[in-house]
Structure formats: structure tokens, C-alpha cells
1. Condition first: within 15 Å of the chain's Cα centre (by Cα) and not hydroxyl-bearing (Ser, Thr, Tyr). Can you find one or more residues in region 193-202 that meet it?
2. For region 205-227, which residues satisfy the criterion of being outside any helix (DSSP H, G or I) and closer than 15 Å to ALA269 by Cα?
3. Look through PHE79, PHE111 and report the one residue that is out of contact with any Lys or Arg (no Cβ under 6 Å at 6 or more places or on another chain), closer than 28 Å to VAL143 by Cα and in a strand (DSSP E or B).
4. Does region 271-296 hold any residues that are among the β-branched types (Val, Ile, Thr) and either in a loop (DSSP other than H, G, I, E, B) or not assigned by TED's automatic domain parsing to the domain that holds GLY242 (or both), and which are they?
5. What is the residue count in region 140-155 for residues that are more than 17 Å from GLU206 (Cβ to Cβ) and either part of a helix (DSSP H, G or I) or not charged (D, E, K, R) (or both)?
6. If we keep just the residues of region 55-69 that are surrounded by fewer than 16 Cβ atoms within 10 Å (Cβ to Cβ) and polar (S, T, N, Q), which is nearest to the chain's Cα centre (by Cα)?
7. Which ones in region 12-51 are in a loop (DSSP other than H, G, I, E, B), surrounded by fewer than 24 Cβ atoms within 10 Å (Cβ to Cβ) and either touching a Lys or Arg at 6+ places or on another chain (Cβ under 8 Å) or not β-branched (Val, Ile, Thr) (or both)?
8. Just checking, how many residues over region 74-104 are touching a helix residue (DSSP H, G or I) at 6+ places or on another chain (Cβ under 8 Å), within 13 Å of GLY255 (Cβ to Cβ) and not hydrophobic (A, V, I, L, M, F, W, C)?
Amino acid sequence: MLKRVGILINGGDAPGLNAVIRAITRTAERNNVECYGFIDGFNGLLNNNYIRLDKQIVTSGILHKGGAIIGSSLNANVFNYKVIENGEVVYKDLSEQCVQNLKDDQIDCLFTLGGDSTQKSARDFSLRGINVIGVPKTIDNDVACTDVTFGFNTAVSVATEALDRLHTTAETHNRIMVLEVMGRYAGWITLESAIAGGADVALLPEIPYDMDKVVEKIKERQKIGKNFSVVVVSEGAFPKGGNISIKDTREGGKGVINVQLGGSGDIVAKELEKRTGLVTRNTTLGYMQRGGTPSATDRILSTRYGAKAMELALEGKFNVLTVLRNGKLDCVSLEDVVGNNKEIGAVEGGTKESNMKTIKMDDDLIKTARNIGICLGD
């Protein structure tokens, strides 16, 4: 019988995290199940640092709040964890300590809120005998097997508002305004915000762009008296025959994201100014997309995900990811989510082994963008 459940968050923050926590907690309490939150994600699990979650005090009034009341871990791979021994950096598999903590705490099910890397770790813990249920969190919308992740709608809304503002400046000063948005190796934010914000060009990681095609689009606009253009560039976009723009690298060990993308917007802006003669400016939206109040859509989606995750736990359906398919909540095996990324501890997304969801060329959004004249750089 289910008596105690735990929640942890891993990866970057996303609007709607607190709504998920609230929904899990409220559904748990209605079924006489105690709920606990591990502080700062996998770090909290490793150090057995947790708090009791209850609807009357801790989770009251958090539905509309951004961030997460229990924090999140970043680049914390407990299967290959960075420790200092005798002044030297070494990496150790500390997952068994996490397993023991969960057993000692009598946690019957662990909810993992996160993206593809987080759910890979969730799958790995399921192989250690832990009952796990994943909830798909990322503004990038790139988690496999689900139609949409919570946090995505808010990120698109923020990017769209930015485009609305940039559009007025572009038109007033006859400029090209470039907006670089997040998404890593998936162009969902780029494509949807471009459609919603009336952009003229959208450059995606899935389509290596030809700068000649982009310039051609802008010059076509000039011929009809439009001496300004708005361009949306994904941080993971790159030219044909070129490479993804990398802002920074670090050595964080195997299985974590050691590459920080960025700079694609500046590259595109400089090239466009040189080729068109129009003053071109880039705005990198950055963390504005991840912070702040979740949209109404994300509040509802997060609540649905959280309540469904707890429902699955009560039904004894473990080692699954809560998903939304064709408008209905369901679940899929974590094995399906990780795809070919089978190696224990290998959690980094964006590799050929990962099962990250990217935009396919027959997607209706691609067709829509082309139909309304948005240049995709090809």
C-alpha cells in the first residue's frame, strides 16, 4: 500500500514546477499518502535532505509562482558524481547511496520532474529497484513520447512578446532585428514563436540554414517596400557545412551537459548586416524564457500532469513517464523514453543515442510556416 512518496526536480527551472508539486501533494493527501520533497534535486537525494510537503502550509499559494520551492539540481549525475579526494577531482557512482536513502526513508515512489536527461536517470534508478514516475519538464519541448512538456507554452509566450516589441523597433528604424531563443537541439520555441510573432525568418537546429536564402527573403521584402525584417534564431541553429555555436565548455564529467550553446544570433546578425546593408541588431532572450509566472495553459497542464502522476502511483503503475497524447493523459515506459540511450549513467541529451524529440520536416508547424511565407533557411 502506498504510504510515502518523494518529489525531486533536476535541470533548469521551468514555469509550472510548483503547480506540479501542488497537484501531486493535494492528490496524495486526499488519498492519505505523505509527500516529501528532496531539496535541490539529486543533490538532496544523495544527502538525504528533504522536507514534508503539505497543502495547508508548504504548498499553499504556490500555483502561480515561478521557480520551484524545493529547488533543482543542475549537472548532478549521481551515477558519475564529482567529488574531491586528497585535493583531486574524481568521479564516483553514488547511486547506491541514493537507493539506500529512499529505502531508509520508506519512500514508495519517487517522482522525477525533468527533461530527457532526468528521465534517463529515472530509468536507471528503476533498474536499481526504485519505483519511479517521471513528469516531462522542459521549456524546450524535446522530451520523447509526449505531445508537450510543461513550461513550453510560457517560454513561447515570452518569446512572442519579445518579437512584438522588436517588430516595432525594426519597422521604426528600418532595421533587421534578430532574436536568439533557447531550445538547444530542438527548434520548437523558435518555430512556434516565429509563427505567433509574425517573424519573417526562423532558423532551426533541424534545418542547417543557407544564408543566401535568408538574404534573398529580406531583399524580396525590400522590393515591396518593407525595409525591415524580424528573424528568430535558435541557439542550436547552424549554417550548412558549419557548426553549432558554442558559448562555453566545461569539464563536468561523463553524462552531464558540458557544452553551453549561444552566439548564433550574433553570428546571423553580423552576416545579415554585411550582406544586406541594413543595420542589424541581435537580442538574446536567455533566461527570461525560463523564469517568472507560468501561463494559464502551463498552470493547467502542470496540474494535470501532477494529478495524473499521483494517480498512476496509486494504481501501482511505476517506471513510466506521464505523457499527453492527442489531448489525453497517459503513460509510457521509461525504456521508450530513453530510446537507445541504454548505458547506465549516460544521461546527456542531444546525442545520437538519446531519444530527444525534434521537429520533423512533415510536421504541420513546418508546413504552416512555409505556407505563410516564413523563410526556414532552406
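1. So far as region 193-202 goes, no, none of its residues is within 15 Å of the chain's Cα centre (by Cα) and not hydroxyl-bearing (Ser, Thr, Tyr).
2. Scanning region 205-227 gives TYR209, ASP210.
3. PHE111
4. VAL279, THR293
5. Looking only at that region, the number is 9.
6. Here the answer is SER60.
7. Once the filter is applied, which keeps residues that are in a loop (DSSP other than H, G, I, E, B), surrounded by fewer than 24 Cβ atoms within 10 Å (Cβ to Cβ) and either touching a Lys or Arg at 6+ places or on another chain (Cβ under 8 Å) or not β-branched (Val, Ile, Thr) (or both), region 12-51 yields GLY12, ASP13, ASN31, ASN32, VAL33, ASP40, ASN48, ASN49.
8. So the count comes out to 3.
The values are calculated or read from the model by the stated rules, or taken from the named source; none is laboratory data. Remember, predicted model here, so these are calculated numbers, not experimental data. We place every Cβ from the backbone using ideal geometry, glycine too, and count neighbours over all the protein chains shown.
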